[in-house]
Amino acid sequence: MTDLWEPINGIYTATVPLFPWAASLPNIDAVQWGSALISAGFGAGIGAWMAGRIARSAKLRDELLAELRSIDVAITLCISVIDMAGSLKKQHVLGLLSKYESDLARFADYKAAERREDPFPLSINHFKFQTIAPPTVELQSLILKNMSMSPNGVKSIIALSDAVGNLNGMIDTYNALLEMFRNRSLPAGFAPEHYYLALPVGGVVNNEYGSAVQGIATYTDDIIFFACKLSDCLTSRGIQARDRYEELSGEKRLIRRVDSIGENAALIPPDSAYEGWMRGWEEDFSGVAKKRSWGDRKRK
């Protein structure tokens, strides 16, 4: 009894344990147990986060690789378009336009001459053009579906597609005029030279032939110019995707660039010829270094 009751300030107070049966349980260090529980939970959370990050990195790496392959194919298609339009311009369009402009200049001199005893010598080229079918549909599908293309690139592929349609429409008009010349099925009073030189007949002037020649030359230039611009955009996007892919995988990949060398460089129209269109061109900031994040500064 004396062990259970002890006087405090002359008063006996019970000091017996509230739950005597708890004394028989094994001794557990609550601090160690809680620390282990927290460590296990934290480790599981870190593991899940790392697994998710690795999975996301692997997914992004695969997407970048697929995009790089699409970009390489698109650049190849751009080269095909440029070669097709460049060959057309070099082999046929330049000669046709040069002869037509020369004939007009000669005719102007002929009309200005004081004495014109002989009729004006004129020969019309009856060579028909074939419409072209560059892979613009495949290009547009690759660009709009398989890659993160800049607004400049989207603008270029749309302009390129329009230029191909415009050129083929003008070629059809030109060929139809040649067929009318050959069959002598022009409107009453008109002869081929009236169309060719835009001579008035009964006060009416028909400029269809000259417009067709100029249109073929203009739209051929459009195709070359827009395809070159599109190729530049593809290369720029390829460099961005390549650098990010290299960060994730450590694998180096080459990005092609369309370079014009030698005499073929003259076939590409200058930017100054498309000043109005180029006003909507956005600056390429792909080479500007990214602002370091807080984490980057801290690691450094």
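Values as computed for the structure displayed
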{"item": "Tabulated pairs, region 222-250, first farther than 18 Å from Met149 by Cα and of a type outside the set (A, V, I, L, M, F, W, C), second modelled with pLDDT of 90 or more and crowded, with 22+ Cβ neighbours inside 10 Å, C-beta under 9 angstrom, 6+ apart or interchain", "result": "Asp222/Ala85; Asp222/Leu160; Asp222/Ala163; Asp222/Val164; Asp222/Leu167"}
{"item": "Test: residue in region 186-209 that is assigned to a helix (DSSP H, G or I), in contact (Cβ under 8 Å) with a residue 24 or more places away in the chain, touching a Phe, Trp or Tyr at 6+ places or on another chain (Cβ under 7 Å) and closer than 30 Å to Glu275 by Cα", "result": "yes"}
{"item": "Top-ranked residue in region 253-273 [being under 19 Å from Leu88 (Cα atoms), among the hydrophobic types (A, V, I, L, M, F, W, C) and at pLDDT 90 or above; ranked as surrounded by the fewest Cβ atoms within 10 Å (Cβ to Cβ)]", "result": "Ile268"}
{"item": "Region 77-130, residues that are more than 38 Å from the chain's Cα centre (by Cα), of a type in the set (Phe, Trp, Tyr) and assigned to a loop (DSSP other than H, G, I, E, B)", "result": "Phe120"}
{"item": "Subset of region 101-129 that is over 26 Å from Thr173 (Cβ atoms) and small (Gly, Ala, Ser) - its residue that is modelled with the lowest pLDDT", "result": "Ala113"}
{"item": "Criterion (closer than 28 Å to Val137 by Cα and surrounded by fewer than 18 Cβ atoms within 10 Å (Cβ to Cβ)) met by exactly one of Ser231, Ser211", "result": "Ser211"}
{"item": "Ser150 being within 26 Å of Tyr174 (Cβ to Cβ) and of a type in the set (Gly, Ala, Ser)", "result": "no"}
{"item": "Subset of region 215-231 (residues that are closer than 12 Å to Lys89 by Cα and out of contact with any Pro (no Cβ under 9 Å at 6 or more places or on another chain))", "result": "Ile216, Ala217, Thr218, Tyr219, Thr220"}
{"item": "Residue tally, condition aliphatic (A, V, I, L, M) and under 18 Å from Ala85 (Cα atoms), over region 146-184", "result": "9"}
{"item": "Options Ala85, Ala66; residue that is of a type outside the set (Phe, Trp, Tyr) and out of contact with any Ser or Thr (no Cβ under 6 Å at 6 or more places or on another chain)", "result": "Ala66"}
{"item": "Any pair with Cβ under 9 angstrom, 6 or more apart, that starts in region 130-155 at a residue that is at pLDDT below 95 and ends at one that is of a type in the set (Lys, Arg) and surrounded by fewer than 19 Cβ atoms within 10 Å (Cβ to Cβ)", "result": "Asn146/Arg69"}
{"item": "Filter result for the condition that a residue is surrounded by 10 or more Cβ atoms within 10 Å (Cβ to Cβ), at pLDDT below 65, on the phi < 0 side of the Ramachandran plot and among the hydroxyl-bearing types (Ser, Thr, Tyr), over Ser80, Ser57, Ser35, Ser98", "result": "Ser35"}
{"item": "Subset of region 131-161 that is in a loop (DSSP other than H, G, I, E, B) and touching a Leu at 6+ places or on another chain (Cβ under 9 Å) - its residue that is surrounded by the fewest Cβ atoms within 10 Å (Cβ to Cβ)", "result": "Thr131"}
{"item": "Yes/no for Gly276 being loosely packed, with under 10 Cβ neighbours inside 10 Å, of a type outside the set (Lys, Arg), modelled with pLDDT of 75 or more and in contact with a helix residue (DSSP H, G or I) (Cβ under 7 Å, 6 or more places away or on another chain)", "result": "no"}
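The values are calculated or read from the model by the stated rules, or taken from the named source; none is laboratory data. Predicted model, so just to flag it, every value in this text is computed and none were measured. Note that we place each Cβ from the backbone using ideal geometry, even for glycine, and neighbour counts take in every protein chain shown.
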